[in-house]
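Have a look at the structure below, then the notes.
The values are calculated or read from the model by the stated rules, or taken from the named source; none is laboratory data. Quick caveat: nothing in here was measured; it's all calculated off a predicted structure. No Cβ is skipped: glycine too gets one built from the backbone with ideal geometry, and neighbour counts run over all protein chains shown.
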Amino acid sequence: KRKGFIFDLDGVIVDTAKYHFLAWKNLAHSMGFDFTETQNEQLKGVSRVDSLNKILAWGNTTVSEDKFQALMTLKNDEYLGYIDKMNDSEILIDVPKVLDFLKQNNQGIALGSASKNARRILEKVKLISKFDAIVDGNDVSKAKPDPEVFLNAASAITCDPKDCVVFEDSVAGVQAANRANMISIGIGSRAVLHEADYVFNDFSEISEGFIKELINQ
Ligand code: BG6
Ligand code: MG
């Protein structure tokens with residue numbers, strides 16, 4: 001049977017949270033307030049606009065619409081500086097192995113990410129050719145936990161949502177997968193991702209037998 005396997009990018013395929021953290025922290029400092037790793041955790045899966053809104057609220061700061069746009073550009077320019085230094089050594093453990101196994105088994109493979117930089121990152125780590133479809137922050141109007149990104153990804157690989165499996169590291173992303181009526185697989189801590197159908201620390205814990213079961217379910 002051909003099912004759809006939809007991967008989130010940040011935190012599932014690559015660990016970019018550390019680069020988002022550096023760029024947001026420098027932005028916060030330039031405005032005279034701090035930004036902590038704990039706060040950064042709360043931005044996982046959150047769109048760029050929503051992230052800046054949260055950061056400004058944490059810093060008790062409001063800005064004009066023009067300034068808001070300028071801050072987003074400033075942050076993204078710094079972030080892209082880190083991204084452009086990435087290479088395939090930054091791919092998280094066993095991601096290529098799982099992608100190749102799915103391909104060998106003729107499964108649909110899509111990306112479903114909130115990031116507007118998704119294509120650039122996949123090119124840097126040389127995984128872009130592994131995906132049959134890429135749906136990212138440029139293609140959606142509603143951010144996770146809205147299911148739009150995953151529903152669009154399913155339709156791009158012509159799979160019924162109920163035949164799709166989503167790999168996600170964020171709470172908002174797991175909720176989006178559940179709302180799309182897809183099987184949700186959390187990558188990370190069970191305590192955080194308890195709403196997911198299954199949780200694994202990383203792809204090294206996901207066996208080929210388990211993937212075969214998902215395909216045949
Ligand atoms: C998500 C990240 O994948 O993409 C968030 O988890 C990030 O931290 C969001 O804010 C948007 O990313 P970008 O690259 O468009 O700023
Ligand atoms: Mg993520």
If only one of D139, D169 is surrounded by fewer than 20 Cβ atoms within 10 Å (Cβ to Cβ), acidic (D, E) and either within 16 Å of ligand 2 (Cβ to nearest atom) or over 13 Å from the mean Cα position of the chain (by Cα) (or both), which one is it? D139
Mind checking which residues of the range 116-127 are over 26 Å from I211 (Cα atoms) and within 12 Å of the chain's Cα centre (by Cα)? K116, N117
Show the residue pairs meeting these rules: Cβ distance below 9 Å; 6+ apart or different chains; first residue within the range 87-102 and touching a residue at least 60 places away in the same chain (Cβ under 8 Å); second residue of a type in the set (A, V, I, L, M) and part of a helix (DSSP H, G or I). V98/I211; F101/I211; L102/I211; L102/I215
What pairs come up if the first residue lies in the range 37-59 and is closer than 15 Å to A23 by Cα and within 13 Å of ligand 2 (Cβ to nearest atom), the second is modelled with pLDDT of 95 or more and acidic (D, E), and their beta carbons are under 8 Å apart, counting only those six or more places apart or on different chains? K44/D10; K44/D169
What helices (runs of 4 or more DSSP H), lying completely within the range 108-207, carry at least 2 residues that are more than 25 Å from N40 (Cβ to Cβ)? 148-156
Among the candidates K75, K44, single out the residue that is within 26 Å of L122 (Cβ to Cβ) and not in a helix (DSSP H, G or I). K44
Scan (1) modelled with pLDDT of 95 or more; (2) within 22 Å of Y19 (Cβ to Cβ) for the single condition A143 breaks and write down its number. (1)
Any residue at all in the range 143-165 that is within 26 Å of K212 (Cβ to Cβ), within 13 Å of ligand 1 (Cβ to nearest atom) and touching a Phe, Trp or Tyr at 6+ places or on another chain (Cβ under 7 Å)? no
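Return a yes/no flag: does the range 26-41 have any residue that is out of contact with any helix residue (DSSP H, G or I) (no Cβ under 7 Å at 6 or more places or on another chain), within 25 Å of K142 (Cβ to Cβ) and modelled with pLDDT under 95. Reasoning before the result, please.
Here is the first cut: in the range 26-41, the residues out of contact with any helix residue (DSSP H, G or I) (no Cβ under 7 Å at 6 or more places or on another chain) are 29-33, 36, 38, 41.
Next cut, within 25 Å of K142 (Cβ to Cβ) only: 41.
Still in the list and also modelled with pLDDT under 95: 41.
Looking for residues that are out of contact with any helix residue (DSSP H, G or I) (no Cβ under 7 Å at 6 or more places or on another chain), within 25 Å of K142 (Cβ to Cβ) and modelled with pLDDT under 95, one finds at least one in the range 26-41, hence yes.
Only one of these is touching a helix residue (DSSP H, G or I) at 6+ places or on another chain (Cβ under 8 Å), under 16 Å from G4 (Cβ atoms) and not hydrophobic (A, V, I, L, M, F, W, C): S155, S184. Name it. Spell out how you get there, then give the answer.
On the way: S155 fails: touching a helix residue (DSSP H, G or I) at 6+ places or on another chain (Cβ under 8 Å).
From the options S155, S184, the qualifying one is S184.
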Among (1) within 16 Å of ligand 2 (Cβ to nearest atom); (2) within 24 Å of V135 (Cβ to Cβ); (3) touching an Asp or Glu at 6+ places or on another chain (Cβ under 8 Å); (4) of a type outside the set (G, A, S), where does D94 come up short? (1)
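Taking the range 11-41 as the search range and keeping residues that are in a loop (DSSP other than H, G, I, E, B) and within 11 Å of ligand 1 (Cβ to nearest atom), which one is surrounded by the fewest Cβ atoms within 10 Å (Cβ to Cβ)? Outline the logic, then answer.
First, the residues of the range 11-41 that are in a loop (DSSP other than H, G, I, E, B): 11-13, 15-16, 31-36.
After this cut, where a residue has to be within 11 Å of ligand 1 (Cβ to nearest atom) as well, the list is 11-13, 15-16.
Numbers: G11: 20, V12: 25, I13: 27, D15: 13, T16: 19.
It comes out as D15.
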Filtering the range 1-10 down to residues that are surrounded by fewer than 21 Cβ atoms within 10 Å (Cβ to Cβ) and modelled with pLDDT of 95 or more yields R2
